[in-house]
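Structure first, then comments.
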Amino acid sequence: MKTVIVALLVCCISTFSMAKAPANDGSQLQADNLYPKVKLETTMGDIVIELDRYKAPITANNFLRYVDKRSFENTIFHRIVPEFVVQGGGYNTDFIEQPKFGEIFNESGNGNKNDAYTVAMARQSGAHTANRQFFFNLKDNESLNPGRDWGYTVFATVSSGHDVIDAMSEVETKFDAELGWNDVPVEPILLIKATLLPQTF
């Protein structure tokens, strides 16, 4: 009888523990760190960005989820518009769209502005359609901030590697007739690896 009771207890505890286990959506990565840093290793050099989980928790955690799953590795910066943006994170070198976790809520009203050397989420025309693509603002892009309509969510700033982003903005681009895209770099620029840096105190 005692053996049966003990077995039932163990089973119940295990079930409870499993039910309480949170999904790894990025929010559990350095959960106590509101401003984690991520290093982006590219074929043009390294960039370090500091995420803002205080003002953009949904967006920052979404980004961290892709980092944690190594989903940004060997993706390209497919769109570069001088004096505007450098955009990437969504396609591999064959221009095949990479798997997405789903669309997220637009946090563009958080007070962060699309100023030079900030990082924001790309999206479709719908307000809440951002998923994995992001962009670096090359200048203060006031038109991307919320006004009469929803804007583009700024969730990070560039800590280092400003010169790398400047160099990216100067590469030769083209119209790709096969894809129907403008502003595609002639020579692919790869995001080789994205790494969450150790928390510092």
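Computed extension length for HIS162-GLN124: 11.0 nm, one decimal, from 0.36 nm per residue of separation with the Cα-Cα distance subtracted.
Listed cross-link partners LYS113/LYS139; LYS69/LYS174; LYS69/LYS100; LYS39/LYS69; LYS113/LYS193; LYS69/LYS193 are compared with a 22 Å cut-off, the Cα-Cα value being larger for LYS69/LYS174; LYS113/LYS193. Restricting the calculation to Cα atoms, the range 25-196 shows an Rg/Rh of 0.93 when the hydrodynamic-style radius is the Kirkwood one. Nearest 10 degrees is fine. How inclined is helix 2-20 to the longest principal axis of the chain, computing both from alpha carbons? Roughly 20 degrees between the two axes.
Listed peptides 186-192, 164-170 appear in the order 164-170, 186-192 once ranked by packing, highest mean of other Cβ atoms within 10 Å at the front.
Rounded to the nearest 20, the size of the Cβ-charge dipole of the range 25-196 about its Cα centre is 560 debye, with Lys and Arg at +1 and Asp and Glu at -1.
Every number in this text was worked out from the coordinates using simple rules, so none of it is lab data. These numbers come from a predicted model, not from an experiment. Counting neighbours? That spans all protein chains shown, and the Cβs are built from the backbone with ideal geometry, glycine included.
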